[in-house]
Amino acid sequence: MEKRIARFIAGLRASGVRVSVAESEDAWKAIRHMGVMERELFKLSLRSTLIKDANDILIFEELFPLYFGTAAPPLMNPQAELSPQEQQMMQEAADEVAGDLQQLLDYLLNGRAPTQEELEQMAQQTGLDDANSTYQAGRYARRMQRLLNWDRLPEILEMLWEKLREMGMDPQQIAALQQRVQENMEALQGQLEQFAGERIQDNITEEWRDRRQNAYDLMQRPLEHLSETEMDILRDQVRRLAARLRSRVALRQKRSKKGKLDVKNTIRGNLRYGGVPIELKMRTKRKKPKLVVIMDVSRSMHNVTEFFLRLLYELQDQVQKTHSFAFYDHLENVTDDMQNNDIEKAIHIVLTKLPYKPYGTDLGKCLVDFNDDYLGIIDQRTTVIVVGDGRNNFNNPALDTFQDISKRARKTIWLNPEYPRQWGTGDSDMDKYEPLCTEVYVVRNLNDLTNAIDHMLAA
Amino acid sequence: MELQYDSVESVKTALGEQQYIASDEIATVLYLAEKLGKPLLLEGPAGVGKTELSKAWAKATGKPLVRLQCYEGLDESKALYEWEYAKQMLYTQLLRDKLAEVLSDADSLATAADQLANEEDIFFSERFLLERPLLQAINHDEPTVLLIDEIDRADAEFEAFLLEVLSDFQVSIPEIGTITAKQRPVVFLTSNNTRELSEALKRRCLFIFIDYPNVSEELDIVRIKVPELSEQMAKQAVEAVQTLRRMDLKKHPSVSETLDWAKALVTLNAESLDRETVENTLTVLLKYEQDISKARRILRGRDGGQGGRDLSEGGGSSYRGGDW
């Protein structure tokens with residue numbers, strides 16, 4: 001049982017649930033109190049100690065039956081009630097009919113469960129070691145059955161019963177035997193399925209360990225060169241990064257708290273001491289920034305925009321207010337979409353809101369749109385962030401509009417996935433935008449992006 | 001206390017006596033939290049009874065409830081302790097003569113200062129300490145139930161500070177020293193999940209996600225809390241609320257709003273849930289104009305036949321009015 005719980009925890013981790021050592025220790029303690037006899041209580045003890053996120057409950061519910069499923073019943077020895085003489089009979093009959101089903105008959109007629117070694121061997125022969133989706137458990141169990149020549153079993157058993165009848169065994173005894181062998185068949189089938197399910201889960205656990213090592217390397221990889229699986233690994237990584245960023249930002253905020261003396265507030269606050277300034281009130285030096293984000297969602301920018309949104313979403317509490325706009329051939333206000341949906345859905349909505357058109361990008365027009373409709377939301381505490389490659393399809397870059405926006409804002413920051421030497425080549429207007437920005441960051445990979453956001457929030 | 005609640009069932013009954021209907025899940029986790037001495041993190045949509053649970057538990061165990069409401073900008077001086085400056089000032093003023101007497105035999109400024117330093121403890125004693133909820137819970141002679149409400153509203157820094165308190169149940173006050181809890185409080189934290197809590201905090205807690213109750217659970221709650229409402233009406237009301245929750249609304253009606261609605265229906269002496277009654281009282285359940293108009297639209301669409309009849313009845317009465 002202990003081993004199984006340990007493996008269950010490893011399985012949870014593999015599925016992306018973070019379980020710390022302290023938490024698994026809590027789980028043990030909880031089980032000691034609750035016992036393992038009542039399944040529902042046992043499950044709740046594990047769940048409340050191991051799962052700390054409502055989203056992970058689903059994963060838990062999915063994995064739990066795999067490890068603590070209604071465990072397949074053990075095999076019984078059907079010959080237990082036979083007399084020595086009858087056992088002898090059985091042995092002879094079985095030897096005669098067995099053929100290449102010897103192993104299977106051995107399990108069923110003697111109630112001997114397959115040993116670990118035999119299971120391993122079957123796993124190897126059926127390719128179970130390469131399976132990595134728990135849905136396949138049933139299929140692999142059937143393959144293992146086939147390996148044991150299960151499909152010929154009914155026929156062989158029929159022969160066996162016939163033989164026994166010929167040898168003069170009591171028909172009632174035979175019926176009882178049939179019943180028990182039938183039970184054994186079901187039990188064996190259950191055991192094989194369980195073995196397959198656990199093995200597959202172990203495989204997934206194993207694979208995940210490799211994946212985590214990769215994550216660090218992937219952070220250095222250009223975002224546009226990532227495969228879908230690699231994107232997945234990095235998506236996991238984003239939350240971790242965001243947590244680190246958050247504590248960094250929060251600390252910075254705390255340390256810089258002491259600003260100049262706030263006279264007005266001090267006088268007001270010390271009225272109760274008769275105006276004697278006992279408690280000094282300081283101005284908070286740094287306020288949480290307000291952000292206006294204008295993102296390019298054209299094909300070439302998808303990955304950068306997605307990770308940027310993810311990081312920003314995780315850091316919402318460090319930002320006072322974010323207005324988000326997506327642009328492609330026109331501008332869309334996506335603030336509400338970002339606010340009212342969880343991140344997965346929000347990103348999907350934002351990225352699909354503006355359908356693909358060949359050579360559609362028109363930043364200039366979008367900036368003018370922004371200037372016309374939303375300029376009011378920019379004040380001197382707002383940081384404007386443009387995420388884009390500055391490739392404008394030779395449309396009017398609307399530089400003076402951009403300058404107006406830039407002047408109004410506290411800061412204008414541009415995140416561009418292209419190297420500076422590419423700026424101004426082809427249809428890129430980046431070289432013209434660049435002098436109008438307060439800061440420009442080159443974000444090639446997730447690492448760059450994290451650093452850029454860190455700088456952004458520091459300002 | 002320990003003897004009293006030695007099984008999940010007893011926890012459930014105890015909560016039931018406080019008119020709190022606990023699911024098996026809640027009772028089990030609460031029992032575990034009590035046994036392991038771990039804080040309990042309650043998460044779920046607003047108004048499903050997270051705060052209510054801790055209140056009920058405090059009542060059931062007879063422990064005093066200490067509540068700390070979190071908000072943005074909450075800091076240690078609001079949560080833990082503060083020196084009571086005004087009182088210190090007042091005492092210094094009043095004790096001036098006595099101080100002069102004590103210091104009168106000092107022949108130099110240095111000795112006077114030394115003597116004063118000896119008396120310093122008086123001014124930084126627990127007498128002048130203004131206890132805030134956390135210190136109250138720790139310092140209490142009996143075990144307490146500490147409710148840290150809406151922890152997700154507090155800043156990340158406060159969360160870090162809270163970790164220290166929750167892991168050792170001791171706080172250090174520079175002038176006095178370390179105060180360790182005489183009795184470990186039972187801690188409840190609630191969160192509406194407006195932001196992700198830190199891993200470290202989650203690690204220290206047991207977790208339970210409380211969702212909206214299903215029809216029969218909610219019906220039980222309504223029956224217990226608003227017994228005046230007829231069985232038939234309660235059933236209809238709960239079903240209506242559950243339907244609203246399945247709709248795509250800005251804010252779904254919570255359990256507490258169901259109860260408010262039930263009470264409103266009692267007050268209005270409504271005999272059945274006809275369209276008029278529902279439309280008039282919908283504002284109790286839904287708090288956004290868009291939600292209300294959406295719900296109205298659907299309500300009209302759903303029982304169109306009945307709506308038509310209502311309308312014709314209305315027309316008839318006004319016509320009669322004109323005739324008269």
Amide proton proximity set for A:Thr382, modelled H, under 5 Å, gap of 5+: A:Arg410
message: Run the reach check for B:Lys225 against aspartates and glutamates, Cα to Cα strictly under 13 Å, same-chain hits fewer than 8 apart removed. What comes back?
response: B:Glu17, B:Glu52, B:Glu217, B:Glu257, B:Asp260
statement: Checked against the positive end of the charge dipole of chain A (+1 on Cβ of Lys and Arg, -1 on Cβ of Asp and Glu, about the Cα centre), the farthest of A:Met169, A:Ile278, A:Val443 is A:Ile278
- prompt: With θ set to phi - 60° and the Karplus curve 6.51 cos²θ - 1.76 cosθ + 1.60, what are the ³J(HN,Hα) couplings of segment B:126-136 in order, to the nearest whole Hz, using x for Gly and Pro?
  reply: 4, 4, 9, 8, 8, 6, 9, x, 4, 5, 4
B:Glu276 paired with A:Asn77, simple spin-label distance in nm, labels 7 Å along Cα-to-beta-carbon: 8.2 nm
message: If the only charges are +1 at each Lys and Arg Cβ and -1 at each Asp and Glu Cβ, what is the size of the charge dipole of chain A around the Cα centre, to the nearest 20 debye?
response: 4520 debye
- request: Name the shape class, rounded, prolate or oblate, that the alpha-carbon gyration tensor gives for segment A:2-68, where a ≥ b ≥ c are the square roots of its eigenvalues, rounded holds for a/c under 1.5, and otherwise prolate holds if a/b is larger than b/c and oblate otherwise.
  value: rounded
task: Once you've got the GNM for chain B with C-alpha springs shorter than 10 Å, pick whichever of B:Gln183, B:Gln170, B:Gln93 has the biggest mean-square fluctuation.
output: B:Gln93
- prompt: How do A:Ser428, B:Ser77 line up, fewest other C-beta atoms within 10 Å first?
  reply: B:Ser77, A:Ser428
- line: Applied in sequence order to segment A:130-140, the curve 6.51 cos²θ - 1.76 cosθ + 1.60 (Karplus, θ = phi - 60°) yields integer Hz couplings, x standing for Gly and Pro, of 9, 6, 9, 9, 5, 5, 7, 3, x, 4, 5
- request: Calculate how steeply helix A:39-50 sits against the longest principal axis of the alpha-carbon atoms of chain A, using the helix alpha-carbon long axis, and give the answer as 0 to 90 degrees to the nearest 10.
  value: 30 degrees
message: List the pairs from A:Lys321/A:Lys411; B:Lys59/B:Lys182; B:Lys38/B:Lys182; B:Lys55/B:Lys251 whose alpha-carbon separation is above 23 Å, in the order I gave them.
response: B:Lys55/B:Lys251
- prompt: When DSSP assigns beta bridges and you keep just the ones with both residues in chain B, what percent turn out antiparallel, to the nearest 5?
  reply: 30 percent
- prompt: Using a basic spin-label model with each label point 7 Å from the Cα along Cα→Cβ, how many nm lie between B:Arg184 and A:Glu2?
  reply: 2.3 nm
- request: For chain B, set up a Gaussian network in which alpha carbons nearer than 10 Å are linked by springs, and say which option among B:Asp24, B:Asp75, B:Asp114 fluctuates the most.
  value: B:Asp114
- prompt: What is the calculated FRET efficiency for A:Arg299 to A:Ala54, with r their C-beta to C-beta distance and R₀ = 35 Å, to the nearest 0.05?
  reply: 0.55
- request: Residues in segment B:177-218, backbone N under 20 Å from the label point at A:Glu61 (7 Å along the Cα-to-beta-carbon vector): list them, ranges by number please.
  value: B:193, B:207-218
query: So for the protein assembly as shown, taking the charge dipole from beta-carbon charges (+1 Lys/Arg, -1 Asp/Glu), which of B:Ser256, A:Thr229, A:Ser20 sits furthest toward the positive end?
result: B:Ser256
Net dipole in debye of segment B:84-129 [+1 Lys, Arg Cβ; -1 Asp, Glu Cβ; about Cα centre; nearest 20]: 260 debye
task: About the Cα centre of the protein assembly as shown, how large is the charge dipole given +1 on each Lys and Arg Cβ and -1 on each Asp and Glu Cβ? Please answer in debye to the nearest 20.
output: 3080 debye
query: Listing B:Lys50, B:Lys55, A:Lys407 from the residue with the fewest other Cβ atoms within 10 Å to the one with the most, what is the order?
result: A:Lys407, B:Lys55, B:Lys50
- line: Convex hull around the C-alpha positions of segment B:80-152: the volume in Å³ per residue is 122 Å³
message: Only bridges whose two residues both fall in segment B:56-186 count here: according to DSSP, what percent of them are antiparallel, nearest 5?
response: 55 percent
message: Tell me whether segment A:327-459 comes out rounded, prolate or oblate; compute the Cα gyration tensor, take square roots of the eigenvalues as a ≥ b ≥ c, and use a/c under 1.5 as the rounded threshold.
response: rounded
message: Tell me the angle of helix B:304-323 to the major Cα principal axis of chain B, expressed in degrees between 0 and 90 and rounded to the nearest ten.
response: 80 degrees
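Just so you know, all these numbers are worked out from the coordinates, no wet-lab data involved. None of these values were measured; they are calculated from a predicted model. All Cβ positions, glycine included, derive from the backbone under ideal geometry; neighbour counts span all protein chains shown.
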